[in-house]
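Chemist: Please find one structure pasted underneath; my questions will follow.
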Amino acid sequence: MKFATKAIHAGQEPDPSTGAVMTPIYQTSTYWQKSPGEHQGFEYSRGTNPTRRALESCLAALENTTYGLAFSSGMAATEAVMKLLRAGDEVITGNDLYGGSYRIFTKIFAQYGIKFHFVDLSDPHRVQDYINDNTKLIWIETPTNPTMQIIDIAAVAAIAKANKVLLAVDNTFASPYLQNPKDLGADIVMHSVTKYLGGHSDVVMGALMLDDEDLYKRLWFIYNSCGATPGPMDSFLVLRGIKTLHLRMKAHCENGRRIAQFLKTHPQVGKVYWPGFENHPNHEVAKKQMRDFGGMISFTVKDAGLEKTFKVASSFKVFSLAESLGGVESLINHPATMTHASIPKETREQAGVTDNLLRLSVGVEDIDDLLEDLETALKL
Ligand SMILES: *Cc1c(COP(=O)(O)O)cnc(C)c1O
């Protein structure tokens, strides 16, 4: 099946009891058993629920994997992967990460004796320098958040395989419409479903997609034991959201392209971070591993301090100043004080997250209104 058909149908059949075309919201915690152990595949909703199961099949289909697991947030999905590790294990990860990922690595799992290496992976071969006998996992995010670096997934996967190290890719920014890490050699694909997959800024959810049966069983054990699984209502909302993923992504990419071009020549704008530019340091890798460049763009306000940057960020009418991304509505975010506030100033500035950096999640509104809004805000 092609992507658009999977987005609408994968994992979903008319409901056998009523013929309902849309998967019902099975709002139940438990399931009747005819005699102990004799049930229809569902026992207790922490582990299994029919609405969630339909969603998990759909998520797996979108990433071309065998298995999908939905979690109550992106961070819960990340946490489940980290719980595969033991004290003494080492993880290699990027130096420009979602702030919450950096926080859970350094403030939660480092305490349990897991060691993290934060490495600039714009040259993927740097991974090799950090691999030793204790290395168990490589965790990457591409495009990175918020400076839109591109990491060569296939190149990192080759090094991971040669060293028998697991590779997990946070594919939130690209969405499965633009990039499929499993097909490039990743063992685990992670999503903050909250973003493009949900698409309407009304659900918080995460997911893992993978092929290996043994790894799936280990992750399912963690999922069911720890219990950070989403309820049926949220699962339904995401199933519904995904039905337009391909349509939304096309519009995000078109609007993103127009806005990146606009910012590039604007006199009040310094740097613009968007992988679609030919002079982006890893543009060729982006072209190779992504189908288009998405709706995430970061830029700096030229010669601005915190005060002026705040003024610009607060003066939009169509873009809303808010955390998060990937919804139909356009958002603007100030990473240094919002999404990336938990990263020490010096560390984040090294990664380019300066006080005058703003990040856009370009929505699917009319492009003329978005451009006018930017033009007005940048006049300040
Ligand atoms: C939002 C986000 C997360 C965390 O997901 P939640 O659903 O907010 O828990 C992880 N990675 C990236 C890239 C994100 O944007």
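Coordinate-derived values only; no laboratory data. Quick caveat, the model's predicted, so the values are computed rather than measured. Quick reminder, even Gly has a Cβ in these numbers, built from the backbone with ideal geometry, and neighbours come from all protein chains shown.
Chemist: Considering only DSSP beta bridges where both residues belong to segment 10-242, give the percentage that are antiparallel (nearest 5).
Modeler: Values: 12 of 29 bridges.
Given both bridge residues lie in segment 10-242, the antiparallel proportion sits at roughly 40 percent.
Chemist: Let me ask something else. How far is it, in nm, from the label point at ASN134 to the one at LYS345 when both lie 7 Å from their Cα along the line to the Cβ?
Modeler: Those two pseudo-labels are separated by 3.2 nm.
Chemist: Still on this structure: Distance between the C-alpha centers of segment 201-252 and segment 257-287? Whole Å please.
Modeler: Using only Cα atoms, the two centres lie 31 Å from each other.
Chemist: Rounded, prolate or oblate: which one fits the chain, using the alpha carbon gyration tensor with axes a ≥ b ≥ c (rounded when a/c is under 1.5, else prolate when a/b beats b/c, else oblate)? Kindly include the intermediate steps, with their values, before the conclusion.
Modeler: Working: a/c = 1.89, a/b = 1.32, b/c = 1.43.
Oblate, since a/c reaches 1.5 and b/c is not below a/b.
Chemist: Of HIS252, GLY199, THR229, which is farthest along the charge dipole of the chain in the positive direction, counting Lys and Arg as +1 and Asp and Glu as -1 at C-beta?
Modeler: Toward the positive end, the furthest listed residue is THR229.
Chemist: Now for a separate question. Once R0 is set to 22 Å, what does the formula 1/(1 + (r/R0)^6) return for the Cβ-Cβ distance between ALA154 and THR66, expressed as a FRET efficiency to the nearest 0.05?
Modeler: Details: r = 20 Å, r/R0 = 0.92.
Calculated transfer efficiency: 0.60.
Chemist: Further question: Exposure proxy check: VAL328, VAL285, VAL91 ranked by fewest other beta carbons within 10 Å? Before the final figure, lay out the partial values.
Modeler: On the way: VAL328 15, VAL285 21, VAL91 25.
The most exposed by this proxy come first: VAL328, VAL285, VAL91.
Chemist: Among the DSSP beta bridges whose two residues both lie in segment 245-378, what percent are antiparallel, rounded to the nearest 5?
Modeler: Working: 11 of 13 bridges.
Counting DSSP beta bridges with both partners in segment 245-378, the antiparallel share is about 85 percent.
Chemist: While we're looking at this one, here's another question. For each pair in LYS161/LYS182; LYS83/LYS243; LYS136/LYS345; LYS308/LYS345; LYS136/LYS217; LYS317/LYS379, compute the distance between the two Cα atoms and list the pairs where it is over 22 Å.
Modeler: Details: LYS161/LYS182 13 Å; LYS83/LYS243 32 Å; LYS136/LYS345 29 Å; LYS308/LYS345 19 Å; LYS136/LYS217 18 Å; LYS317/LYS379 14 Å.
Cα-Cα > 22 Å for LYS83/LYS243; LYS136/LYS345; rest within.
Chemist: Once both axes come from the Cα atoms, what is the angle between helix 50-62 and the longest principal axis of the chain, in degrees from 0 to 90, rounded to 10?
Modeler: In the chain, helix 50-62 runs at an angle near 50 degrees to the longest axis.
Chemist: What aspartates and glutamates could a cross-link reach from LYS34, if we take a straight Cα to Cα line under 17 Å and drop same-chain neighbours fewer than 8 places away?
Modeler: By straight Cα distance, LYS34 reaches GLU43.
Chemist: Pairing the Cα long axis of helix 367-378 with the longest principal axis of the chain, what angle in degrees results, from 0 to 90 and rounded to the nearest 10?
Modeler: That helix lies at roughly 50 degrees to the long axis.
Chemist: Work out the length of the dipole vector of the chain about its Cα centre, built from +1 on the beta-carbon of each Lys and Arg and -1 on the beta-carbon of each Asp and Glu, and round it to the nearest 20 debye. Could you put the intermediate results ahead of the total?
Modeler: Details: 38 positive and 43 negative charges, 42 e Å.
Dipole about the Cα centre, nearest 20: 200 debye.
Chemist: Efficiency by 1/(1 + (r/R0)^6): what FRET value for GLU213 and GLU323, r their Cβ-Cβ distance, R0 = 30 Å, to the nearest 0.05? Kindly include the intermediate steps, with their values, before the conclusion.
Modeler: Numbers: r = 36 Å, r/R0 = 1.22.
For R0 = 30 Å, the calculated efficiency reads 0.25.
Chemist: Counting only residues 5 or more places away or on other chains, whose amide H sits under 5 Å from the amide H of LYS271 once H atoms are built in the peptide plane?
Modeler: Amide H neighbours of LYS271: THR300.
Chemist: In degrees, nearest 10, range 0 to 90: what is the angle between the Cα axis of helix 213-226 and the longest Cα principal axis of the chain?
Modeler: 90
Chemist: Put a dot 7 Å past each Cα toward the Cβ at PHE221 and GLU38; how far apart are the dots in nm?
Modeler: For GLU38 paired with PHE221, the spin-label model returns 3.1 nm.
Chemist: If you put +1 on each Lys and Arg Cβ and -1 on each Asp and Glu Cβ, how big is the dipole of segment 203-261 around its Cα centre, in Debye rounded to 20? Let's see the in-between values first.
Modeler: Working: 8 positive and 6 negative charges, 96 e Å.
Its charge dipole is roughly 460 debye.
Chemist: Could you give each residue of segment 185-195 its phi-based ³J(HN,Hα) in whole Hz, using Karplus coefficients 6.51, -1.76, 1.60 with θ = phi - 60°, and x for Gly or Pro?
Modeler: Result, rounded to whole Hz: x, 6, 7, 9, 10, 10, 9, 7, 5, 3, 8.
Chemist: Can you work out the PRE-style zone for VAL21? Point 7 Å along Cα to Cβ, and I want the residues of segment 242-263 with backbone N under 15 Å.
Modeler: Label zone hits: 243-244.
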